[in-house]
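Notes follow once the structure below has been shown.
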Amino acid sequence: MSARGASRRGFTLIEVLVALAIVAIGMAAVLGTLTSSADTVAYLRDKTFANWVALNQIAQLRLTGQAPAAGKSDGDSELGGRKWHWHQEVSATQVPGMLRIDVSVRPADVEASDADKGWYSTVSGMWGDAVGLPRGDLPDWGSQLLTPGAPGAAGTPAPGTTPGAPPQNPAVQPVQRLGAR
């Protein structure tokens, strides 16, 4: 064999080093993408838990049956093996008897330099004792408590309705089928 044929059998050291550099750069990019994905999943998990903590706080206020005091308050809760800090603001609305409840939540170990920043979730809810008039299209869950023959009792038509007629909802329009004339 000639000297020229022997040099063509393998890769040079420079070619091997260039190939290794390309593989290393590609692996670094893949590792960075995986790390970013894992961080995003953890953040979304924390946002979900923060949302649940806020919803739980609003539900606890509603379950007391008493109007919450207007103003701001802070507290801590535990959920998912982690401690959460919440900030609650209760304010009056333009509707008498209705209060707005805003609850912001973040992990207790996350500190924010600004009180309005760093919250993972903010949920708004309502509390109230304002009751609207029945429309007639909703079930009357309290009818079993009324005396027979009283307006609204079972078997007695609601005022302004025809006996035996189904309740009407003015917001519901009849459906027109395609091809029907």
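Mind checking whether some residue in the stretch 96-103 is in contact with a strand residue (DSSP E or B) (Cβ under 6 Å, 6 or more places away or on another chain) and of a type in the set (D, E, K, R)? Taking every residue of the stretch 96-103 in turn, at least one turns out to be in contact with a strand residue (DSSP E or B) (Cβ under 6 Å, 6 or more places away or on another chain) and of a type in the set (D, E, K, R).
Residues being small (G, A, S), loosely packed, with under 14 Cβ neighbours inside 10 Å and modelled with pLDDT of 90 or more: count how many of those fall in the stretch 43-67. Residues that pass the stated criteria total 1.
D76 fulfils the conditions (1) within 18 Å of W127 (Cβ to Cβ); (2) in contact (Cβ under 8 Å) with a residue 24 or more places away in the chain; (3) of a type in the set (D, E) except for a single criterion, (1). Scanning the stretch 68-120 for residues being among the hydrophobic types (A, V, I, L, M, F, W, C), surrounded by 16 or more Cβ atoms within 10 Å (Cβ to Cβ) and modelled with pLDDT of 90 or more gives a total of 7. Listed by first and then second residue, the pairs linking a residue in the stretch 96-119 that is polar (S, T, N, Q) to a residue that is at pLDDT 90 or above and surrounded by 11 or more Cβ atoms within 10 Å (Cβ to Cβ), with Cβ atoms under 7 Å apart and 6 or more places separating them unless they lie on different chains, are S104/W86; S104/H87; S104/T122.
The values are calculated or read from the model by the stated rules, or taken from the named source; none is laboratory data. Just so you know, these numbers come straight off a predicted model, no measurement behind them. Reconstructed Cβ throughout: ideal geometry from the backbone, glycine too, with neighbour counts over all protein chains shown.
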